[in-house]
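> Before I ask anything, here is the structure I am working with.
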Amino acid sequence: MKIPVICTTLLIEKSPQALPLGAACIATAIKHSDGLEDLCEVSLKAFCIEDKEFPKSKNGAVDYIAESLLDETYKISGNDEKEIKSIICFSCFVWNVEILEAVSEKLRKKGFVCIAGGPEITAHPSFYKGFDYTVSGEGEVSVPLLIKKIIGMKTESENNFLLQNENVIISKSPDLSVIHSPYLDGIIDPFEYEGALWELARGCPFKCAYCYESKGEKTVRLFPMERIKAELELFAKKKVRQVFVLDPTYNVNKKRAVELLKMIAEKTPDTFYYFEARAEFIDRELARAFTKIPCALQIGLQSANEKTLELVNRPFDKKKFIRGLSVLNEEGITFGLDLIYGLPGESFKTFCEGVDFAVSMLPNNLEIFCLSVLPGTDLFERADNLGLEYEKEPPYHVIKTNLFSMDDMERARRLAGSCSYFYNAGRAVSWFNPVCRVLKIKPSKFFELFYQKNKKICETPGSCECEHFSIEKIQLDFLKELLTEKGNGKYVRLTEDIVKFYGAISRTTDSGKSETVFLNYNAEYVASDYASDIRWFYENVKPQKCKIQTFINHGNADFKFIK
């Protein structure tokens, strides 16, 4: 009878971004390891917090996962006995490690051998005692070797790949040319998750102190082009709708980035891609290559305070950053920006300056996160010297710093929630800056005011998933109230026209469905650059009531006048 080996993890949601890629990679590696194919029956089992049947309590979740893994083992082995020698490989992250360790402790009492790996284990492999073995680093070579040792197989190559200290395994980075693809192997189906996470490379040339890469080698290793082409062909065959590229800096090698974009355009022209990129490395040639495929870029700003960025070892050239984003805007490429609050050397004032700077760059979305001091990072080792006080358990959020009080952290958290609802979910990029200018108010202050008037929706989980039309109504009510309070009531009708026009365009872009909109001003003027200056528009363009209908025209949202 083959030994059941189950690779498992717990997901926050079932989506392309939360696909169990790490566990799938380990399952594929075990499956293809010489000698194990005849001895082990390998499977992938992922759990999801959002599943209807998944328990809400921690204890319930632990029992549910443990019982499910027991049932899976019995199904694989065809044996109903309660004591079976089985191996469970857990993929652990900040958000799931406590539950998975408790599951492991239950299963070990049943005779299971439990191995843990993943980012949270890599950070401090000696800390978690609830597993039989912990594996730090990339496990495609080390985990199969460990399993061979567990089941009594001899392997001469063990010392070439493992540095063992009792039950702690430190993996050496494997040669990516010998790593099998879980997609090509069929261990995971991107269709099931409505998309894919896609590795083109591993490693990062930068060593930002808050990132796990801060302690690794400052190198980037590339997957072979043959594998990448084969995976692209699979995505095309499966009609994968969206792909999230995992490279932390996709465009660090511009020549390769352009080459891959051409390949993507040729093989999967209808698939939407998400990339992480550095703005400083974007030029006209690369930007135009991005325009050839449906895509969006996410760019880490993190802070606009250069002294703060120096403290966390993050290079930043503001002039090149602005130039890169300007090129993206000129070429019509959708991009978002990331900011972090609670960074060393940052005050609430400079954080707000970062918010204002970020919004001025016209990002499609602005994601604002609390800093986590992750064990295993350079920041973790320097936290005390940098004046960071943080949670000692996952998710390790900063509580306060020597410049950012607990009250400041709470204000930043509220601002982040307000931005997420009003700007991101509210699709406000087309008109937000003109509104702030006519109000003579900075974006950071605007978000604080919106939170004060709408605390409940900014604090309610899932409120950002509301239909956009419902969010737009709240935006319009708030803007009318604020304009009136500021003595700018005369701009209300024009502002409403701009919000309604771009809201309808965005919804048609998203759904493909036509909408009818009544406006007080000519829609051609509302859609023009005139609307970027609300005060000038009001003083120079006469009202002209009209009715328009939005529609899809050659793949893009457009509008026409109707009677």
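> Looking at segment 113-129, which of its residues are open to solvent by less than 10 Å² (accessible area, probe 1.4 Å) and touching a residue at least 40 places away in the same chain (Cβ under 8 Å)?
E120
> How many residues are part of a helix (DSSP H, G or I) and open to solvent by 40 Å² or more (accessible area, probe 1.4 Å) when one looks only at segment 477-488?
Count: 5.
The rows are residues; the columns are (1) open to solvent by 10 Å² or more (accessible area, probe 1.4 Å); (2) at pLDDT 95 or above; (3) more than 24 Å from D247 (Cα to Cα).
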| residue | (1), (2), (3) |
| --- | --- |
| S303 | no, yes, no |
| K307 | yes, yes, yes |
| L325 | no, yes, no |
| L337 | no, yes, no |
| G342 | no, yes, yes |
| F351 | no, yes, yes |
| V355 | no, yes, yes |
| V359 | no, yes, yes |
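> When the residues of segment 196-245 are narrowed to those that are among the acidic types (D, E) and either touching a Lys or Arg at 6+ places or on another chain (Cβ under 8 Å) or part of a helix (DSSP H, G or I) (or both), which ends up surrounded by the fewest Cβ atoms within 10 Å (Cβ to Cβ)?
E226
> Go through (1) part of a loop (DSSP other than H, G, I, E, B); (2) closer than 24 Å to Y128 by Cα and name the single condition L69 misses.
The number of the failed condition is (1).
> Continuing with the same structure: Looking at C48, C7, C25, which is the one that is over 23 Å from K109 (Cβ atoms), modelled with pLDDT of 90 or more and surrounded by 23 or more Cβ atoms within 10 Å (Cβ to Cβ)?
C25
> Here are some residues: I399, I368. Which one is in contact with a Cys (Cβ under 9 Å, 6 or more places away or on another chain) and either open to solvent by 40 Å² or more (accessible area, probe 1.4 Å) or not in a loop (DSSP other than H, G, I, E, B) (or both)?
Criteria check complete, one pass: I368.
> Determine if segment 492-503 includes at least one residue that is part of a loop (DSSP other than H, G, I, E, B) and modelled with pLDDT of 95 or more.
So far as segment 492-503 goes, no, none of its residues is part of a loop (DSSP other than H, G, I, E, B) and modelled with pLDDT of 95 or more.
> Of the residues in segment 303-327, how many are outside any loop (DSSP other than H, G, I, E, B) and in contact with a helix residue (DSSP H, G or I) (Cβ under 6 Å, 6 or more places away or on another chain)?
Summing the residues that are outside any loop (DSSP other than H, G, I, E, B) and in contact with a helix residue (DSSP H, G or I) (Cβ under 6 Å, 6 or more places away or on another chain) in segment 303-327 gives 5.
> Of all the residues that make up segment 181-195, how many are open to solvent by less than 90 Å² (accessible area, probe 1.4 Å) and either within 16 Å of M225 (Cβ to Cβ) or in a helix (DSSP H, G or I) (or both)?
7
The values are calculated or read from the model by the stated rules, or taken from the named source; none is laboratory data. Nothing here was measured: the structure is a model prediction, and the numbers come from that model. Heads up, the Cβs are rebuilt from the backbone with ideal geometry, glycines too, and the neighbour counts pull from every protein chain shown. With ligands, DNA and RNA removed, areas are computed over all heavy atoms of the protein, side chains included. Shrake-Rupley method; radii C 1.70, N 1.55, O 1.52, S 1.80 Å.
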